[in-house]
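Since every read-out is calculated from the coordinates, none of them should be taken as a lab result. Everything numeric here is computed off the predicted structure, so don't read it as measured data.
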Amino acid sequence: QVYYDLNQMDSALFFYQQAYDIGLKANVNVAIHSLIAMGRVYNMYVEHVTAMRCLRQSIEWVKAVDRLWSTKNSFNSEIYLSMAEVFQKTGQNDSCLFYAKQSFDINIKYNYIWGISYAGKFLFNYYENKNDAEAYKYLKIITRISDSLNPVQRAKDVQNLAFEEEQRLQSIEAAQKKKKNR
């Protein structure tokens, strides 16, 4: 993942392949994640057929493994968004939109905050300059999520709540003093 983040795709692909091979023997979750990541790398390499092969194979692995339903959907939301990216690059807009919405809907259904944010950003970018109402809808969602995940904003919100509580307690105390004096 570090190589991917550093945009060193040859190294990323090499280690994702290693992780996939190990995952087949030790942990299928690792194999599934590796396939998804390899699909993304191949998409960046403009090898869309290979990218889709990896992503479809990861779906088959998810179906084959006896897992909790919500985890399957977590995998599926990631796979569908990756597929939407491939379809976007190949100009297949209907399929792109279909899979992006599938990913978004799964994330909403299971309240996967990070997934909602990523799929929402993708859909916002898709609709931007095409459908302002839809773009605005997704922008509102991702802004609300971003605000809730932003630690600085959360700290401010906590401070505001503490300040409001302090004011409430002071007004109660003042009312009690006024009542006592009366």
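Quick one: check the C-alpha center-to-center distance for segment 1-26 versus segment 78-107, whole angstrom.
23 Å
In the structure shown, do any of LYS101/LYS140; LYS63/LYS101; LYS25/LYS109; LYS109/LYS130; LYS89/LYS121; LYS89/LYS109 have a Cα-Cα gap over 23 Å, and if so which?
LYS25/LYS109; LYS109/LYS130; LYS89/LYS109
Let me know the shape class of segment 16-122, please: from the alpha-carbon gyration tensor, a ≥ b ≥ c as square roots of the eigenvalues, rounded when a/c is under 1.5, otherwise prolate if a/b is greater than b/c, or oblate.
Taking the square roots of the gyration eigenvalues as a ≥ b ≥ c, segment 16-122 is oblate.
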